[in-house]
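The next block holds one structure in the form of structure tokens; read it before the comments.
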Amino acid sequence: MSSSTAPTAPTRTSYLPPVPKPLAKFFSLFPLYTFPAQPPPNKHSVTAPTLWIHPPPGSPHSRELLSADVECLKWQAGCARRSPAQSPYASPRAPDGDGELLPSHNIPAWVDERVGLLNELEGYRNVEARDESHAWVALLEGDVHAALALSQPPPSFFFQTILQLPSGHATRPIETLVTPPPAPLSGISSLMPPYGSHIPVATIKSKYRDAIASLSERLGTEKWFLGSEGPTALDALAFAYIHALLHAPDDLRIEVARRVNLVTWEHRVYELVRTAFVPHATSTAVHLPKQS
């Protein structure tokens, strides 16, 4: 009786040259540390309509409920003006209790679904006032927003270019806010392709001062902009910008602070917006309290 074994394939040993000692010594200056995986935080069920906001200014333990970002504050003010006495908000919970996460552009539709649609005048006293509001919205989101964006510190070249880390929250490029669009840094007859933008700083600041003066004059002594009986979308937008400007650098803040009617109006609307929300217990979010 004999037995035979199948021939085994020859093994090939891979040879790696040793790391040179000077290079190994250099690598030792940058040791690689490993850490245990961090478990995900406890998941909290959504029990009330919740608005996730950019962190408010100040310490994490402050009682400030309004976002530090003007884009986020627009949605807060917009929700607050529709919430209190008109109709109760229902909790936007899915059957599993986890809730539904909506992008910001879907918030108005969500509010309309639970509060009801506005009439064709959208809260303004007449068609002329509604049409005029479009011009004021363009002014706020154009000239005023451009000045506000100009006052923000530029993004870190090291973090965005070298490390390629995303910024805390996306912002609109200032080039898209200026009318007419700024010229490129390179000349028309330059051999180099167009690059960058020549930001007209003096023009932006001049238009900002004119916009604030016009806004103050149009408000006058009225309770709401354009003489409306209640808060409109324009009031929510104007509040977001005026509130942000009162916390902006001095060259922007002083232009608003010297207009008494704007400051008084902002203080009154601030209380209305703030009381429409309650803080989330464990995260950077605010709840819309249910109304009985």
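The values are calculated or read from the model by the stated rules, or taken from the named source; none is laboratory data. It should be emphasised that the depicted structure is a prediction, and the values quoted were computed from it without experimental measurement. Glycine gets a Cβ as well: all are built from the backbone with ideal geometry, and neighbour counts include every protein chain shown. SASA here: full protein model, heavy atoms, side chains in, ligands and nucleic acids out. Shrake-Rupley method; radii C 1.70, N 1.55, O 1.52, S 1.80 Å.
Can you work out the FRET efficiency for the pair Arg114 and Ser28, with r the C-beta to C-beta distance and R0 = 45 Å, to the nearest 0.05? Provide the component values of the computation, followed by the final result.
Working: r = 62 Å, r/R0 = 1.37.
FRET efficiency, Arg114 to Ser28: 0.15.
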I'd like the distance separating the alpha-carbon centroids of the range 203-278 and the range 106-144, in whole Å. 17
With every protein chain kept in the model, how would you rank Thr232, Thr275, Thr221, Thr203 by accessible area, 1.4 Å probe, largest at the top? Thr221, Thr275, Thr203, Thr232
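Rank by packing, highest mean first: peptides 256-267, 239-250, with packing defined as the count of other Cβ atoms within 10 Å averaged across residues. Walk me through the numbers before you get to the answer.
Values: 256-267: 15.6, 239-250: 20.1.
With the highest mean Cβ count within 10 Å placed first, the list reads 239-250, 256-267.
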Using θ = phi - 60° and the Karplus curve 6.51 cos²θ - 1.76 cosθ + 1.60, what whole-Hz ³J(HN,Hα) does each residue of the range 108-122 get, with Gly and Pro shown as x? x, 5, 5, 5, 4, 5, 9, 9, x, 6, 6, 6, 5, 7, 6
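Classify the range 220-272 from the C-alpha gyration tensor, please: rounded if a/c falls under 1.5, else prolate or oblate depending on whether a/b exceeds b/c.
Details: a/c = 2.23, a/b = 1.74, b/c = 1.28.
Cα axes put the range 220-272 in the prolate bin.
Can you order the peptides 104-117, 138-151 by their average number of other Cβ atoms within 10 Å per residue, highest first?
By packing density, highest mean first, the sequence is 138-151, 104-117.
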